[in-house]
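Only one structure is covered here, and it is reproduced in the block below.
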Amino acid sequence: MSFRQGNALELPFPSENFDIVWTEHTQMNITDKEQFYGELSRVLKPNGRLVFHDIFFGTASNPHYPTPWAEYDSLSSLCTQEEAKDAIEKSNLVIHEWKDKSKQSLEFFKKMTKKIDASGPTPLGIHLLMGKTAKTKFLNQVRNLEENKVSIIQGTALKI
Ligand SMILES: C[S@@+](CC[C@H](N)C(=O)[O-])C[C@H]1O[C@@H](n2cnc3c(N)ncnc32)[C@H](O)[C@@H]1O
């Protein structure tokens, strides 16, 4: 296994190079959705699979900030599920699975915030990357999921 750091909007790989491409909670930090999904598609071989687990707007507007991915509204590039589907389908990808994991994510964040309340954060954890507002970010993720301001989707799409 090897790791390469690069810009998701200009992936440092040749076209039709991978059987599987996976993206995890990154799309909401990228404004240009068509370029993002276009690059993921470009590096996939024909019949290759895009696997994603991502955050989108929910049915209610105005998520509470800070969130785990953005300190302020202006730093967030959330889009609707429909906008993401549109960008994926414009990128030579056919959506195969689209599973709403908002409930599971809500349970995860509720458990995490309860644990932090009871015994404080673990010595090593993602809170170290989130700075002083880490706890508020976790609490806002719970509120945003409870109030349907964000939604979590796990899915796959196949390269044409
Ligand atoms: C909310 S974090 C998620 C990190 C990790 N995937 C996770 O689930 O814990 C979003 C990540 O996307 C990265 N990112 C934003 N724009 C990017 C780009 N154009 N190319 C590569 N990474 C990018 C950020 O640096 C950040 O590490």
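Read-outs throughout are calculated quantities, based only on the coordinates presented, and are distinct from any laboratory measurement. This is a predicted model, so every value here is computed, not measured. Using ideal geometry, Cβ is built from the backbone for each residue, glycine included, and neighbour counts are taken over all protein chains shown.
Overview of values
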read-out: Chymotrypsin sites (Phe, Trp or Tyr not before Pro) restricted to DSSP loop in region 1-96 with at most 13 other C-beta within 10 Å; value: 3, 72
read-out: Region 17-113 - charge dipole about Cα centre, Lys and Arg +1 at Cβ, Asp and Glu -1, debye rounded to 20; value: 340
read-out: Convex hull of region 1-74 built on C-alpha atoms - directionally averaged projected area, nm²; value: 6.2
read-out: Two-site label geometry, residue 22 and residue 60: point separation in nm, points 7 Å out along Cα→Cβ; value: 3.3
read-out: Per principal axis, descending, Cα span of the chain in whole Å; value: 49, 36, 27
read-out: Cut-off of 10 Å, at most 13 other beta carbons, DSSP loop: longest stretch of the chain lacking such GluC sites (Glu not before Pro); value: 17-160
read-out: With Cα atoms, 0 to 90° folded angle of helix 134-146 axis to the chain main axis; value: 70
read-out: For region 60-73, 3J(HN,Hα) per residue [Karplus equation, 6.51 cos²θ - 1.76 cosθ + 1.60, θ = phi - 60°, Hz, x = Gly/Pro]; value: 9, 8, 6, x, 7, 10, x, 10, x, 9, 7, 5, 10, 3
read-out: Positive-end residue of 127, 155, 3, charge dipole of the chain with Cβ unit charges; value: 127
read-out: In region 1-87, trypsin sites (Lys or Arg not before Pro) in a DSSP loop with at most 15 other beta-carbon atoms within 10 Å; value: 4
read-out: Length released on extending from residue 80 to residue 135, taking residue separation times 0.36 nm less the Cα-Cα span; value: 17.2 nm
read-out: Folded to 0 to 90 degrees: helix 33-42 orientation relative to the chain principal axis, Cα; value: 50
read-out: Point-to-point label distance, residue 2-residue 114, nm (Cα→Cβ direction, 7 Å offset); value: 4.5
read-out: Förster radius 25 Å - calculated FRET efficiency between residue 71 and residue 31, Cβ distance, rounded to 0.05; value: 0.95
read-out: Links that overshoot a 24 Å alpha carbon limit, given the list 103/149; 110/137; 85/110; 99/149; 137/159; 110/132; value: 85/110; 137/159
